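Here, each number is a calculation from the coordinates, and none is a lab measurement. As the structure is a computational prediction, the values presented were derived from the model and not from experiment. Using ideal geometry, Cβ is built from the backbone for each residue, glycine included, and neighbour counts are taken over all protein chains shown.
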Amino acid sequence: MAVDKKELREIYIAFLEEDIIKRLAEIRGIDNRLAMEKYYNSKLCQQISSGEYGLEYLDYKYLVNDLIENEPELFA
């Protein structure tokens, strides 16, 4: 059974988002549900989903730091 590139990308992004949410919860000291809310309401989430700038290929730890630094309004 062959898996096409689109399916692989979707699977990869799902795991990436899971890692981002876990790391965000850990760094900010919040529960996973709140971390999910913050992430899914972020510009970063939109950019990853649309494939902008190739962000989906960066390390999740870097992406979490970027999210905290560049979208502080999410955590106010």
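Residue-by-condition table, conditions (1) of a type outside the set (A, V, I, L, M, F, W, C); (2) in contact (Cβ under 8 Å) with a residue 12 or more places away in the chain; (3) surrounded by 10 or more Cβ atoms within 10 Å (Cβ to Cβ):
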| position | (1), (2), (3) |
| --- | --- |
| D4 | yes, no, no |
| I20 | no, yes, yes |
| I27 | no, yes, yes |
| K43 | yes, yes, yes |
Task: For Y60: the one exception among (1) aromatic (F, W, Y); (2) under 19 Å from E10 (Cβ atoms); (3) out of contact with any Asp or Glu (no Cβ under 7 Å at 6 or more places or on another chain) - done: (3)
Task: Hits in the range 23-42 (condition: closer than 20 Å to R9 by Cβ and of a type outside the set (S, T, N, Q)) - done: Y39, Y40
Open item on the list: Just to be sure before I move on: is Y53 aromatic (F, W, Y) and loosely packed, with under 12 Cβ neighbours inside 10 Å in the structure I sent?
Closed with: yes
